[in-house]
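Okay, so here's the structure we're looking at.
The values are calculated or read from the model by the stated rules, or taken from the named source; none is laboratory data. Since the model is a prediction, treat every value here as computed from it, not as a measurement. Ideal geometry is used to build each Cβ from the backbone, glycine not excepted, and the neighbour counts take in all protein chains shown.
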Amino acid sequence: MKKILVNIFAVLLCATAIAQSESDALRYSFYMPNGTARANGMAGSFGAIGADPSTIGFNPAGMGVYKSTQISFSPSFKINNTESSYLGSSNRDFSANYFDINEASFVQAIERKNDNVGLTYFIWGFSYNKLNKFSENISISGINDHGSLTDWFAARANGINYLNLESNDPFYCHPAWETYLIDPAAPGDNEHYVSAYDSYGEKQSQRITKKGSLGEYNIAIAFNFMHKLYIGADLGIQSVNYRQNIISYESREGATSGPKSFTFEDYVRSTGSGVNFKLGILYQPIEQLRFGAAIHTPTSISMRDKYSTSCSMKGWIPRTDNTLADSSASQNSPEGEFEYNILSPFRANASICFIPNEHILINVDYDLANYNAIKMRSEDYDFATETNNIINNYKVGHCVKLGAEYRLGALNMRLGGAYYTSPYKSSSPNSNADTWLASAGLGFRTNYFFFDIAYSYMANKYVYYMYEGLVTSDPSKIKFSRHQISFTIGCKF
């Protein structure tokens with residue numbers, strides 16, 4: 001029965017021996033910008049309002065609304081909560097970023113003396129905006145009576161002679177073999193494997209720690225034509241920094257053969273940089289109404305991953321006299337390094353801002369990204385499996401953001417909400433992994449100084465399989481939420 005089970009698992013496994021997958025490409029293509037506190041208080045809905053650094057990376061034409069020079073800086077405080085449910089067991093985890101930089105910018109507006117004919121202002125500037133934050137801690141545990149990580153190792157190793165495991169798969173199969181987690185499927189069979197367990201019912205747990213961010217440096221110019229037409233262009237330079245550590249643990253109480261417990265640790269650090277170009281336009285036909293639209297070219301991101309694994313086991317190890325010894329074994333992989341390229345999708349957005357009077361403004365943004373068009377390339381690997389997974393699982397993503405601001409003298413009050421559709425197709429287990437965001441904020445603004453504060457709450461749900469490629473009937477269900485308080489301080493001159 002165990003051989004049949006392992007063969008079924010083998011069909012479901014990703015055959016690559018590297019750490020990269022289509023989920024990595026999606027991670028660096030999905031944006032949830034964290035800009036100024038003013039924009040955050042309106043859920044990031046600022047596309048047609050303009051005159052805020054957050055718009056530079058969304059619609060650079062918004063920079064054309066500036067009429068003065070401005071400097072701003074936006075730190076934030078984030079608290080992340082995660083709840084998991086697996087095999088009837090629930091866990092909660094927590095992480096925090098006590099000081100994080102969301103935005104920093106400098107913008108200069110240069111007035112053109114032309115009696116309101118033609119070009120009225122030329123504006124240039126540069127900024128940093130955080131496009132996404134990856135911090136998340138996940139704890140998963142449960143009693144599994146029908147599967148194990150050892151099955152994953154056995155299925156992955158099938159077809160490889162045990163003498164070649166170190167050269168063919170030094171990160172997973174070889175550590176599992178050296179620590180007695182997998183056995184030959186039959187005496188004398190050197191290429192087929194089964195779990196070293198004689199029965200299931202082990203306690204499984206997994207601890208996932210994610211850290212890092214995706215940021216973008218923007219160099220932009222914009223033109224203001226008679227306060228009616230605004231055109232802007234931006235060169236975006238992205239920076240990726242991501243770390244992930246997964247510690248998987250299994251234990252079997254009272255085991256009289258095979259492993260009694262083992263720990264497998266999988267670590268990866270990813271760094272990269274990319275470039276894109278944005279072009280935007282705003283048009284204000286009447287004083288109370290402004291329309292905006294922008295396009296973003298795909299971002300070409302050059303990535304470098306460094307990764308390693310380690311495995312340690314306590315249990316019954318066979319001796320040369322065919323008896324068992326209560327002992328332990330451990331094995332560390334070498335450090336792997338891999339360079340590749342991700343081409344994130346083309347993006348487009350549209351906005352409308354309604355300004356009924358001097359006290360109220362309301363803005364709606366719509367953003368589109370075709371995640372189905374993500375590409376992965378490397379000189380050393382064809383990414384055929386990952387490309388098929390992208391085509392079969394990812395779709396066009398949509399985002400709608402609504403924000404409002406009420407001005408009462410120097411005091412501004414803000415509310416906002418945003419909805420991000422799942423990037424997964426309906427056939428995927430994560431087709432309902434939508435993201436919701438709600439926010440509120442306050443601001444104090446004078447002719448020369450401004451201070452803003454905002455609170456935002458983000459939540460989503462998704463399905464996670466503890467062993468990538470091993471799709472069982474018992475996935476982990478994850479609920480993730482983030483509380484953020486952001487501040488912006490700035491001056492105008």
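Let's see how each residue does on (1) of a type in the set (Val, Ile, Thr); (2) touching a helix residue (DSSP H, G or I) at 6+ places or on another chain (Cβ under 8 Å); (3) under 27 Å from Arg269 (Cβ atoms); (4) surrounded by fewer than 21 Cβ atoms within 10 Å (Cβ to Cβ):
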position	(1), (2), (3), (4)
Lys113	no, no, no, yes
Val117	yes, no, no, yes
Asp151	no, yes, no, no
Leu181	no, yes, yes, no
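Regarding the stretch 372-382, can at least one residue be identified that is aromatic (Phe, Trp, Tyr) and either within 22 Å of Val400 (Cβ to Cβ) or without any contact (Cβ under 8 Å) to a residue 24 or more places away in the chain (or both)? The answer is no, given that none of the residues of the stretch 372-382 is aromatic (Phe, Trp, Tyr) and either within 22 Å of Val400 (Cβ to Cβ) or without any contact (Cβ under 8 Å) to a residue 24 or more places away in the chain (or both).
For beta carbons closer than 6 Å, sequence separation of 6+ or different chains, a first residue in the stretch 335-363 that is among the small types (Gly, Ala, Ser) and a second that is surrounded by fewer than 18 Cβ atoms within 10 Å (Cβ to Cβ), the qualifying pairs are Ala348/Ile295; Ala348/Leu368; Ala350/Tyr366. In a strand (DSSP E or B) and at pLDDT 95 or above: is that true of Ile317 in this structure? It is false that Ile317 is in a strand (DSSP E or B) and at pLDDT 95 or above. For the stretch 230-245, taking the residues that are in contact (Cβ under 8 Å) with a residue 60 or more places away in the chain and β-branched (Val, Ile, Thr), the one that is surrounded by the most Cβ atoms within 10 Å (Cβ to Cβ) is identified as Val240. Close Cβ contacts (under 6 Å, 6 or more residues apart or on different chains) running from residues in the stretch 414-434 that are basic (Lys, Arg) to residues that are assigned to a loop (DSSP other than H, G, I, E, B) comprise Arg414/Gly41; Arg414/Met42; Lys425/Lys395. The set of residues in the stretch 404-457 that are surrounded by 15 or more Cβ atoms within 10 Å (Cβ to Cβ) and among the β-branched types (Val, Ile, Thr) comprises Thr421, Thr435, Ile453.
Each row is one residue, and each column tells you yes or no for (1) surrounded by fewer than 18 Cβ atoms within 10 Å (Cβ to Cβ); (2) closer than 29 Å to Ser270 by Cα; (3) in contact with a strand residue (DSSP E or B) (Cβ under 6 Å, 6 or more places away or on another chain).
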| position | (1), (2), (3) |
| --- | --- |
| Gly41 | no, no, yes |
| Ala48 | no, no, yes |
| Glu103 | no, yes, yes |
| Phe106 | yes, no, yes |
| Thr120 | no, no, yes |
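Can you find a residue in the stretch 41-58 that is within 30 Å of Leu149 (Cβ to Cβ) and touching a Leu at 6+ places or on another chain (Cβ under 8 Å)? No, because not a single residue in the stretch 41-58 is within 30 Å of Leu149 (Cβ to Cβ) and touching a Leu at 6+ places or on another chain (Cβ under 8 Å).
Among residues of the stretch 258-276 that are over 11 Å from Ile247 (Cβ atoms), those with a Cβ under 7 angstrom from a residue that is assigned to a strand (DSSP E or B) and basic (Lys, Arg), sequence gap 6+ or separate chain, pair up as Lys260/Lys314; Ser261/Lys314; Arg269/Arg243; Arg269/Lys306; Thr271/Arg304; Gly272/Arg304. Checking the structure you have, find out if any residue of the stretch 200-219 is out of contact with any His (no Cβ under 7 Å at 6 or more places or on another chain), free of Cβ contacts under 8 Å to residues at least 60 places away in the same chain and not small (Gly, Ala, Ser). Yes.
Of the set (1) buried (at least 16 other Cβ atoms within 10 Å of the Cβ); (2) among the charged types (D, E, K, R); (3) closer than 22 Å to Ile317 by Cα, all apply to Arg207 but (3). Screening Ile160 against (1) modelled with pLDDT of 95 or more; (2) of a type in the set (A, V, I, L, M); (3) not in a loop (DSSP other than H, G, I, E, B) leaves a single unmet condition, (3).
Against the conditions (1) surrounded by fewer than 17 Cβ atoms within 10 Å (Cβ to Cβ); (2) assigned to a loop (DSSP other than H, G, I, E, B); (3) modelled with pLDDT of 95 or more, where does Pro298 fall short? Just the number, please. Every condition holds for Pro298 apart from (1). Apart from one condition, Cys173 fits all of (1) under 22 Å from Ser312 (Cβ atoms); (2) without any contact (Cβ under 8 Å) to a residue 40 or more places away in the chain; (3) surrounded by fewer than 17 Cβ atoms within 10 Å (Cβ to Cβ); the exception is (3).
If I ask for residues that are modelled with pLDDT of 95 or more and of a type in the set (Phe, Trp, Tyr), which ones from the stretch 456-493 would you list? Listed by number, the residues that qualify are Tyr457, Tyr462, Phe480, Phe487.
Condition check for Asn190 on (1) polar (S, T, N, Q); (2) assigned to a loop (DSSP other than H, G, I, E, B); (3) free of Cβ contacts under 8 Å to residues at least 12 places away in the same chain: one failure, at (3). Would it be correct to say that Asp145 is on the phi < 0 side of the Ramachandran plot and surrounded by fewer than 21 Cβ atoms within 10 Å (Cβ to Cβ)? In short, yes.
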